[in-house]
């Protein structure tokens, strides 16, 4: 009986991963970004800080009227929170506002440090969406989907 339950869980995980891949592929994500706190941080604080970071980024990329721009022009992301009780960090797959991935990479560290002074940033282009998604979702399953931060844009 235990094998059936394990097989069922693996089937659900596979379906879940397939759905995440389809969503990520649809948004043409070009960057893999890690935003680290380097300390314990509650999930609700992480979500707030991520929203502030993305708002600041879109202001830089789209100008002062960024919040009124159509959502398809703004930065889209697929984010996962890891280790909130020890060394909180967010793995993100990102489609920067108006496709400005080079500028996004150049601004990310300063903008994140403006939100989280102790924070650190890593930005790299996605060479394989399958590989990037596998890395970002390594601890995600249908049972642990509460770690996903899927807001398509921010306020």
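Remarks
- All positions within the range 28-60 that are touching a helix residue (DSSP H, G or I) at 6+ places or on another chain (Cβ under 6 Å), surrounded by 21 or more Cβ atoms within 10 Å (Cβ to Cβ) and not in a strand (DSSP E or B): 53, 57, 58
- The lone criterion from (1) modelled with pLDDT under 90; (2) touching a helix residue (DSSP H, G or I) at 6+ places or on another chain (Cβ under 8 Å) left unmet by residue 94 is number (1).
- For the range 78-87, residues that are crowded, with 17+ Cβ neighbours inside 10 Å and either without any contact (Cβ under 8 Å) to a residue 24 or more places away in the chain or touching a helix residue (DSSP H, G or I) at 6+ places or on another chain (Cβ under 6 Å) (or both) total 4.
- Inside the range 113-124, residues that are out of contact with any helix residue (DSSP H, G or I) (no Cβ under 7 Å at 6 or more places or on another chain) and not in a loop (DSSP other than H, G, I, E, B) make up a count of 4.
- Of all residues in the range 66-77, those being touching a helix residue (DSSP H, G or I) at 6+ places or on another chain (Cβ under 6 Å) and not in a loop (DSSP other than H, G, I, E, B) number 2.
- Flag for residue 76 being under 25 Å from residue 43 (Cβ atoms), at pLDDT below 95 and more than 12 Å from the chain's Cα centre (by Cα): no
- Qualifying position, being farther than 24 Å from residue 140 by Cα and touching a residue at least 24 places away in the same chain (Cβ under 8 Å), among 71, 51: 71
- Pairs linking a residue in the range 18-30 that is more than 19 Å from residue 71 (Cβ to Cβ) to a residue that is modelled with pLDDT of 80 or more, with Cβ atoms under 8 Å and 6 or more positions apart or on different chains, are 20/78; 20/133; 20/137; 21/129; 21/130; 21/133.
- Being crowded, with 16+ Cβ neighbours inside 10 Å, within 19 Å of residue 20 (Cα to Cα), touching a helix residue (DSSP H, G or I) at 6+ places or on another chain (Cβ under 6 Å) and at pLDDT below 90 is a property that residue 133 has.
- When residue 110 is tested against (1) within 15 Å of the chain's Cα centre (by Cα); (2) surrounded by fewer than 23 Cβ atoms within 10 Å (Cβ to Cβ); (3) not in a loop (DSSP other than H, G, I, E, B), only condition (1) is not met.
The values are calculated or read from the model by the stated rules, or taken from the named source; none is laboratory data. Here the structure is a predicted model, which is why all the values come from computation and not from measurement. Here Cβ is always computed from backbone atoms with ideal geometry, including for glycine, and neighbour counts include all displayed protein chains.
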